[in-house]
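The structure's right below; bear with me while I get my questions together.
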Amino acid sequence: MLILGIESSCDETAASVARNHTEILSNVIASQVEEHKQYGGVVPEIASRRHCENILWVVQKALKDADVTLEQLDGIAVTAYPGLIGALLVGVNFAKGLALAAGKPLVPVHHLAGHIASNYIAHPELKPPYLCLVVSGGHSHLVEVLSYTSFRILGRTRDDAAGECFDKCARAMGYPYPGGIHLDKASQTGDPSAYPLPKPKVTGNDLDFSFSGLKTAVINLLHHAEQKHVEIHRMNLAASIQSTIAEILTAHTINAAKKYGYSDIAVAGGVSANSGVRKALQEACEKNGFTLYVPPLSFCGDNGAMIACAGSYAFEAGIRADASLNASAAMELTHWGEMGEYVGKCL
Ligand code: KG4
Ligand code: ZN
């Protein structure tokens, strides 16, 4: 089975061809990060324009690198939700046109199902059901992966996502966008106990996350230091932020695994590249006798391979859209797997 995957939900235009779900024949990514950097974050209209310019050559290169023709494809998978609406629409409309012209089935993919699938590429032995911590710039979810296309959300952030918290703290410290990786690098030589930071207390579902209090505490700490002309030790602050986020994510993940009886745990999304998060999860899993699956660094951020892989499973499960497929900025992961064959109306 050969599936082309197309991704354009944020600031990466990406495409990939997957054979038999997990064998990645090509993986092309055109990143816009350098351009958005000067504005301190993604500018949605610029993102849409760059996707328009890049999508044709990115898809052509993905097919060429894979040595696969349009005719040989079994289906065309595309990220249809969630994300920046103008950015999603570029990929969705391109995929619709291509599917129509080539007479191939169109498979709408949920971006988070893509992140979850990134682990299957490196670890084909990982099979549902298992628990997955999905942590990206826009989401922090604890997900019960019931099958390749059905999910239950056990916990989610009430406010900022983990990646958003990394980026906003990094920005307050003067690091360029996206700041997560800069905080990661800076924390390598820092003391994580130097700046005690608050951990959230969430009432109701104790598997839910909250990161806005931590972000506010870091911003206040920086303001007070500036007003009092006190020097901040940047490496120590970076290490303190990183270890606090890693501790929160790890504690919730282990609690969820115990509560729901999972011993296979995966982590996915941009923040799964964070060295502190990977280490804390690994240590906690070893301590509890759980097995941890982490994606290779090259598949943590947005890419087409994860969409081709998730799209392959969705294709097999009968998830299809017709030419009326619309993008949605905020579709729930749980709705996606339940769609089956549908006509593409925006939910
Ligand atoms: O999954 P992703 O590429 O895009 C979304 O779907 O949002 O995630 C991007 C997020 C950004 O917030 C970025 O700063 C964060 O992942 N990130 C990291 C690291 N690498 C990427 N955060 C912390 N440490 C890293 N090494
Ligand atoms: Zn993503």
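So, R0 is 35 Å and r is the distance between the beta-carbons of Ala330 and Gln188; what FRET efficiency does that work out to, to 0.05?
0.45
Could you pull the Cα extents of the chain along its three principal axes, largest to smallest, in whole Å?
Principal extents (Cα only, largest first): 66, 46, 34 Å.
Among Pro198, His141, Leu297, which residue has its Cα furthest toward the positive end of the charge dipole of region 126-297, with +1 on Lys/Arg Cβ and -1 on Asp/Glu Cβ?
His141
Can you give the relative contact order of the chain as a percent, counting alpha carbon pairs under 8 Å and 6+ residues apart?
25
Still on this model: Whole-Hz ³J(HN,Hα) for each residue in region 221-226, computed from phi via Karplus 6.51 cos²θ - 1.76 cosθ + 1.60 with θ = phi - 60°, x for glycine and proline: what do you get?
Computed from phi, the couplings for region 221-226 are 4, 5, 5, 4, 4, 5 Hz.
To continue, here is another question. Once phi is turned into ³J(HN,Hα) by the Karplus curve 6.51 cos²θ - 1.76 cosθ + 1.60 with θ = phi - 60°, what whole-Hz value does each residue of region 82-92 show in order, with x for glycine and proline?
After applying 6.51 cos²θ - 1.76 cosθ + 1.60, I find x, x, 6, 4, x, 6, 4, 4, 5, x, 4 Hz.
Search the structure for amide H atoms under 5 Å from the amide H of Arg156, placed 1.01 Å from N in the peptide plane, and list their residues when 5 or more places away or on another chain.
Leu142, Asp208, Phe209
On to the next question. Which semi-axes, in whole Å and largest first, does the equivalent ellipsoid of region 152-299 have when worked out from the alpha carbon gyration tensor as the square roots of 5 times its eigenvalues?
That gives 27, 17, 13 Å for the three semi-axes.
Also, I was wondering about something else. How many percent of the accessible area of region 126-297 is carbon or sulfur, using a 1.4 Å probe?
53
Looking only at region 160-195, which residues have a backbone nitrogen under 14 Å from a spot 7 Å from the Cα of Arg234 in the C-beta direction?
170-177, 179-190
Please work out how much length the chain gains when fully extended from His223 to Leu146, using 0.36 nm per residue of separation minus the C-alpha to C-alpha distance, in nm with one decimal.
23.2 nm
Name the long-range amide H neighbours of Thr22: under 5 Å, sequence gap of 5 or more, or other chain; modelled H, no Pro or chain starts.
Amide H to amide H, under 5 Å and 5 or more residues apart or across chains, Thr22 pairs with nothing.
Let me ask something else. Roughly how many whole Å is it from the C-alpha centroid of region 227-246 to that of region 1-58?
That distance is 34 Å.
Please compute, for the alpha-carbon atoms of region 47-150, the extent along each of the three principal axes and give them in descending order in Å.
Cα extents, longest axis first: 38, 30, 22 Å.
Helix 275-288 sits at what angle to the longest principal axis of the chain, using alpha carbons and giving 0 to 90 degrees rounded to 10?
90
Jot down the radius of gyration and Dmax of region 63-210, Cα atoms only, both in angstrom.
For region 63-210, the Cα-based Rg and Dmax read 19.4, 60 Å.
Could you provide, to the nearest whole Å², the per residue accessible area of the chain with probe 1.4 Å?
I get 41 Å² per residue for the chain.
The values are calculated or read from the model by the stated rules, or taken from the named source; none is laboratory data. None of the values given here were measured: they were computed from a predicted structure. Methodologically, a virtual Cβ is constructed for each residue, glycine included, from the backbone with ideal geometry; neighbour enumeration extends over all protein chains shown. Areas reflect the complete protein model, heavy atoms only, side chains present, ligands, DNA and RNA absent. Shrake-Rupley method; radii C 1.70, N 1.55, O 1.52, S 1.80 Å.
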